[in-house]
Amino acid sequence: MVSEYEMVRAMLDQALAEARTHGASRITALHLVLYDSSPETEASLRRALSELSANTLAENAQVIVRLAPSRFICWNCCGLRFESDD
């Protein structure tokens, strides 16, 4: 299983690669959609980003988090997609 820290590293690596592709000198903001609304998850995400972005183009970037409801897909028969706030 991939750890939360590894997922954050992968997201940051992608943002850094995109910034380099476009010749950016720094990343000013990271916009993230979070499907787990627990305060602990957001705090953990912010801590990991702060640690991993040190000495990179994303150092001191603003982290903008949008909370979203969980998304589900029925893979058994119909492919129905729905969201839940639970």
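Filtering the range 61-75 to residues that are more than 15 Å from Leu34 (Cα to Cα) and either within 12 Å of the chain's Cα centre (by Cα) or not small (Gly, Ala, Ser) (or both) leaves Gln62, Ile73, Cys74, Trp75.
Reported count of residues in the range 50-77, each being part of a loop (DSSP other than H, G, I, E, B) and within 16 Å of Arg9 (Cα to Cα), is 9.
Scanning the range 36-86 for residues that are among the polar types (S, T, N, Q) and at pLDDT 90 or above returns Ser44, Ser50, Ser53, Asn55, Thr56, Asn60, Gln62. Of all residues in the range 13-49, exactly one satisfies the criterion of being part of a loop (DSSP other than H, G, I, E, B), of a type outside the set (Ser, Thr, Tyr) and within 18 Å of Ala68 (Cβ to Cβ), namely Asp36.
The values are calculated or read from the model by the stated rules, or taken from the named source; none is laboratory data. Everything quoted here is computed from the prediction, not taken from an experiment. Cβ sites come from the backbone with ideal geometry, for glycine too, and all protein chains shown count toward neighbours.
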